[in-house]
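Inspection log for the structure reproduced underneath, given as structure tokens.
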Amino acid sequence: MRFGIYSLAGLVRNELGFDPSSGDVFIFLGKRLNQIRLLQWDRDGFAMYVKKLEQGTFEWPKGEDISITSQQLTLLLQGVMLDSVRLRKRYQRVN
């Protein structure tokens with residue numbers, strides 16, 4: 001996890017094929033899964049959040065999908081095991 005802001009932005013553009021200045025949050029996990037970096041374009045520059053755990057690891061959701069919701073990100077940062085989470089049914093407006 002030696003990459004800085006511009007190296008991570010380059011990975012987003014060249015390897016993932018996304019625009020790093022879109023405003024989306026891009027998540028990078030370290031090899032040992034104990035460090036996470038969040039990269040986001042914030043109107044006039046990049047913002048990066050880094051969290052390194054003293055103990056334990058982060059758990060990435062299983063499956064083929066590489067995107068997660070903001071709710072899943074919150075749970076991931078809090079150390080909740082995403083496989084065991086069951087969300088209660090809520091109303092969703094259909095357009």
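The values are calculated or read from the model by the stated rules, or taken from the named source; none is laboratory data. The structure presented is a predicted model; accordingly, all values stated were derived computationally and were not measured. Methodologically, a virtual Cβ is constructed for each residue, glycine included, from the backbone with ideal geometry; neighbour enumeration extends over all protein chains shown. The area values use the complete protein model at the heavy-atom level, side chains included, leaving out ligands, DNA and RNA. Shrake-Rupley method; radii C 1.70, N 1.55, O 1.52, S 1.80 Å.
For E64, work out the one condition from (1) among the charged types (D, E, K, R); (2) part of a loop (DSSP other than H, G, I, E, B); (3) surrounded by 14 or more Cβ atoms within 10 Å (Cβ to Cβ) it doesn't fulfil.
(3)
Condition first: in contact with a Gly (Cβ under 9 Å, 6 or more places away or on another chain), open to solvent by less than 30 Å² (accessible area, probe 1.4 Å) and closer than 27 Å to S84 by Cβ. Can you find one or more residues in segment 20-34 that meet it?
No, because not a single residue in segment 20-34 is in contact with a Gly (Cβ under 9 Å, 6 or more places away or on another chain), open to solvent by less than 30 Å² (accessible area, probe 1.4 Å) and closer than 27 Å to S84 by Cβ.
Is there a residue being under 30 Å from R86 (Cβ atoms), hydroxyl-bearing (S, T, Y) and out of contact with any strand residue (DSSP E or B) (no Cβ under 8 Å at 6 or more places or on another chain) anywhere in segment 36-49?
For segment 36-49, residues under 30 Å from R86 (Cβ atoms), hydroxyl-bearing (S, T, Y) and out of contact with any strand residue (DSSP E or B) (no Cβ under 8 Å at 6 or more places or on another chain): absent.
Would you mind telling me which numbered condition in (1) without any contact (Cβ under 8 Å) to a residue 24 or more places away in the chain; (2) charged (D, E, K, R); (3) within 25 Å of R2 (Cβ to Cβ) D44 fails?
(3)
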